[in-house]
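So the structure is just underneath, and the comments pick up after that.
Values in this text are rule-based calculations from the coordinates and carry no lab data. The shown structure was predicted, so the numbers you read here are calculated from the model rather than taken from an experiment. Backbone-built Cβ (ideal geometry, glycine too); neighbour counts: all protein chains shown.
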Amino acid sequence: MANSFLDRFKQGLSRTRDILNADVGDLLRGRRPLEPADLDAIEEALLAADMGVPAVAEAMEVLRARSREVWTEGRDAMRGLLRQELLRQLEQPAPAARTAARPWVVFLVGVNGVGKTTTIGKLARAERAAGRTALLVAADTFRAAAAEQLQVWAERTGAAFHRGAEGADPSAVLTDGLRAARSRGHDTVLVDTAGRLHTKGNLMAELAKMSRVAAREVPDAPHETLLVLDATLGGNALAQAREFAKAGGVTGLVLTKLDGTAKGGVAVAVVRELGVPIRHVGLGEAAEDLVPFDASSFVDALVGE
Amino acid sequence: MFDALSDRLQGVFRSLRGRGALTPEDVDQALREIRLALLEADVHFKVVKQFLERVRVRAVGQDVLKSLTPDQAVLRVVRDEMVALFGGGDAARLQGSSRLPAVVLMTGLQGSGKTTSTAKLARWLVQGGHHPLLVSTDVYRPAAREQLRTLGQQNNLQVHHPESLTQPRAILESALTEARSVGHDFLLVDTAGRLHIDDELMAELEELKRASQPTEVLYVADAMTGQDAVKSAEEFHKRVGTTGIVLTKLDGDARGGAALSAASVTGCPIKFAGVGERVDELEPFQADRMVGRILGMGDVLGLIEKAELIVDREKAEEQVRKLRRGEFTLEDYRDQLGQVRKMGPLDSVLSMIPGLGNAAKDVDTEQGERDLRRALAIIDSMTPLERREPSVLNGSRRKRIAKGSGTHVEDVNRVLKQFVQARKLMKQFGGGGANKMMKRLMGGRMAQFR
C-alpha cells in the first residue's frame with residue numbers, strides 16, 4: 001500500500017521532474033567541475049520553481065559556503081548538498097497523531113480556486129477506505145453551487161452530507177453539522193469553507209469564529225486545519241499562509257495541482273514559514289488522486305535523482 | 001495591489017535621489033534591486049532578464065546619465081518598458097462581430113476564476129447595452145454548470161442550460177442555435193478548467209474553437225500565480241490563439257508579476273481585472289495606470305475620476321462659497337465625510353495618491369472605516385441648531401449626543417476637534433473646484449489616522 005502511494009507520487013511528479021531536470025538536473029550531472037556561472041543558473045532554476053527569494057537565498061548561501069570543497073568533486077556532490085539543504089528546509093515535526101476523539105473534525109481553508117472542495121472529496125474517499133464514516137459539511141454558503149459540488153462528492157464516496165441555505169451563516173451551518181455528526185456518531189467531519197482572500201479582514205474573522213464555534217460543539221475541534229495551496233501559486237502563498245495561521249491556526253498543508261508543470265516549490269517556502277508539515281498532495285481530479293506527501297521524492301523531483 | 005513591488009522600487013529610487021548625476025555603477029545597483037523586486041513579485045525570470053536588458057540599454061544611454069534628475073529618468077525608462085511589457089495601452093473592449101452572435105471563449109486553468117469572470121463580463125456587456133447569452137461547457141467539475149446557472153439567476157443574466165446534453169460541443173452548438181434564434185449579440189462560453197499539458201482537453205478546446213469561430217479567446221489568469229504562469233499562458237496561446245487576458249483576484253495583495261509575464265510572453269493585452277467576488281467587481285484593465293501604481297506614481301487619474309463620480313460638483317462649490325463667508329458647518333462636514341465614504345475602502349483610495357502607497361498600508365483600514373461611521377453617527381445625533389452653531393455644544397448637550405450615537409463624550413469631542421481642524425485647513429487653501437476639495441479632504445483624513 002505504502003509503496004503504491006509512493007509510486008503514484010513519483011508518477012505524478014514526473015512531469016515536474018522532467019522539466020526541472022532540464023534546469024537543475026543537467027547542470028548537476030557528471031563530474032565536470034562547477035563554474036561560478038553554474039551557481040547563478042541553479043539559483044534561477046530554484047526561483048523558477050517558486051521557492052521564493054528567502055528560501056532560495058538561504059539554500060544558495062549554503063551552496064556557496066561549501067562550494068569550494070565540492071568544487072573539484074563535481075556536480076554530483078553539489079546535488080547531494082542541495083538535496084540535503086532542501087530536505088532540511090522541509091524538515092518539520094511529525095503531524096500530531098489522530099486521537100480517539102469522535103467526531104474528528106477537519107477544516108479545509110484557503111484562497112479561492114485552490115481546490116478545497118475537490119480535496120474534501122478525495123479525503124472523504126480516504127476516510128471511507130479506512131473504514132470510517134464521514135460527514136461532509138458545506139460551510140461554503142457564498143459561492144454559487146458550492147454545496148451542490150460537495151454533494152456530488154458525498155454521493156460518489158458514500159459520505160454523509162450536510163448543508164445550509166445559500167447565503168446562510170457558515171457558523172450556523174457548521175453548528176448544525178457538528179450536532180448531526182455527534183448524534184449520528186460519525187467518525188470524521190470534513191468542513192468545506194468558502195474560499196477567501198487572506199486580505200479580507202471580515203472573512204478571516206469569520207473563519208476564526210468558525211473555529212470557536214467548532215470548539216464549543218466538539219471539544220478541541222477543529223482537530224486539524226488544513227491550508228490548501230495550489231502548486232501554481234507564487235510568492236503570495238506566503239502571505240496567505242501567515243494570515244490563515246493567524247486567523248485560526250493551520251496544522252498542515254495540502255499541495256494541489258501538482259500534476260501540471262508547476263513545481264510547487266512554494267511549499268518549501270510555506271513549510272519554512274509556518275513550520276507545519278505538508279500532509280497530502282493532489283495529483284489529479286479523480287478521487288484517488290490524493291496521496292501522502294513524501295519529502296524525499298519531492299526533493300528528488302526538484303533537483304533530480 | 002502590487003503594493004510590495006512599488007515599495008521596493010520606491011526604496012531603490014529614494015537611495016538614488018538627490019545625488020546629481022548617476023554613475024554606471026549606480027544604474028547597476030538600481031537594476032539589481034529591480035531584479036530582486038521583480039523576482040519576488042513573481043515575474044518570470046526570463047522576462048526579468050529581458051526587461052532589465054532593455055532598461056539597462058536605455059538607462060546607460062545618454063538620456064539618463066546626462067539628465068539633471070537621473071532618478072526620474074530611470075523611473076521613466078522603467079515605467080515605459082513596463083507599460084510595453086503589459087502589452088501596451090488600454091484594451092478593454094470585446095471584439096464584436098457582424099455575424100451574430102460574437103462568441104467569447106473563456107479559457108484557463110482550474111480555479112483561475114473563469115465562471116465568475118464569465119458572469120462579470122456578461123454584466124459588463126449588459127451595462128454597455130448588449131444582450132449576451134451565457135453557457136457552460138464544463139461537464140467535468142461537479143456542479144460547474146449549476147454554478148453558472150445560479151450566478152445567472154442571481155444577476156438577471158440569460159444562461160443557456162440544456163440539461164440533457166453532456167458533450168461540450170453539443171452544448172455549445174445548442175447555445176449557438178439558441179443565441180441566433182433569440183438574437184443575442186454575444187455568446188459567452190465558460191469552458192472547463194484544464195491543465196495546459198492535458199492534451200485531450202486541450203484538443204477539446206481546439207474543437208470548441210473550430211465549432212464556434214470566436215471573436216475573442218480570453219485566458220483567465222489568477223494574479224496569485226507563480227513562475228508557471230508563463231508556461232500555461234504560452235501553451236494556451238499556442239493551441240487556441242488567445243486574444244486577451246482577464247486577470248483575477250487582484251483584490252488580494254498578490255504582486256501579480258506572473259500576470260505581467262503572461263502578457264509579455266503571449267503579447268496579449270490584459271483586458272479586464274477582477275477586483276472582488278461580487279459580479280460588478282470587474283474593471284477594464286489599464287496598463288499605464290497599473291504601472292503608475294507599481295512604481296508609486298499613484299493613480300491620480302483614477303482618483304480624480306472616482307472623486308468626480310461621487311462628488312456633487314454643485315454641492316462642493318456651494319461649500320466653497322460658504323467657506324469663503326466663514327459658514328462651513330458640521331452639516332457640510334458631514335456631507336464631506338459621506339462623500340469620502342462613498343469613494344470606497346480607505347486603503348484603495350489612499351494607494352491612488354502619489355507617494356502614499358506606503359501610507360495606505362500602514363493605515364488600519366477597518367479602524368478608519370469605524371471611525372468614519374462613528375463620526376457620522378455623532379453628527380447625526382445633533383440637532384440642526386447644533387450642527388449650524390457648534391458653539392452651543394455645552395457639556396450636557398455633548399453628553400446627550402454621546403448617548404444618542406452610542407459613543408462617549410471623548411468621541412464627540414474628538415469629532416468636534418477634527419471639524420475645527422478641517423475648517424481651518426479649508427480656509428487656508430481657500431477656493432478651488434471639486435477635485436481640489438477632494439484632495440484637501442483626503443489630506444485631512446490622512447492626518448486623523450496617521
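Using the empirical formula 2.2 N^0.38 Å as the baseline, the Cα radius of gyration of the range B:160-221 reaches a ratio of 1.16.
Over chain A, DSSP H runs of length four or greater, each weighted -39,500 (n - 2.57), average out per residue to a 222 nm ellipticity of -16500 deg cm²/dmol. D by Stokes-Einstein for the range B:102-288, Kirkwood Rh over Cα pairs, 20 °C, 1.002 mPa s: 132 µm²/s. Computed from the alpha carbon positions, the gyration tensor of chain A leads to an equivalent ellipsoid with semi-axes of 39, 19, 16 Å, biggest first. Counting charges near B:Ala170 (Lys, Arg +1; Asp, Glu -1) among other residues having Cβ under 15 Å from its Cβ returns a value of -3. Distances between placed amide hydrogens fall under 5 Å for B:Leu282 paired with B:Val275, all partners being 5 or more residues away or on another chain. Taking other C-beta atoms within 10 angstrom as a stand-in for reagent exposure, B:Ile171, A:Ile120, B:Ile197 fall in the order B:Ile197, B:Ile171, A:Ile120, fewest first.
The phi-based Karplus calculation (6.51 cos²θ - 1.76 cosθ + 1.60; θ = phi - 60°) puts the 3J(HN,Hα) values of the range B:185-201 at 8, 10, 10, 9, 10, 8, 9, 5, x, 8, 7, 5, 9, 7, 4, 4, 6 Hz, whole numbers, x for Gly and Pro. Each residue in B:Tyr140, B:Tyr219 was given a count of other beta-carbon atoms within 10 angstrom of its own, and listing them fewest first yields B:Tyr140, B:Tyr219.
Counting beta carbons within 10 Å around each of B:Trp124, A:Trp104, A:Trp153 and listing the fewest first gives the order B:Trp124, A:Trp104, A:Trp153. Over the whole of B:144-155, what's the average partner chain Cβ count within 10 Å per residue? Rounded to a whole number, please. Counting Cβ atoms of other protein chains within 10 Å of each residue's Cβ and averaging gives 3. Dimensions of the range A:143-292 from C-alpha coordinates, computed as largest minus smallest value along each principal axis and given longest first, are 42, 33, 29 Å.
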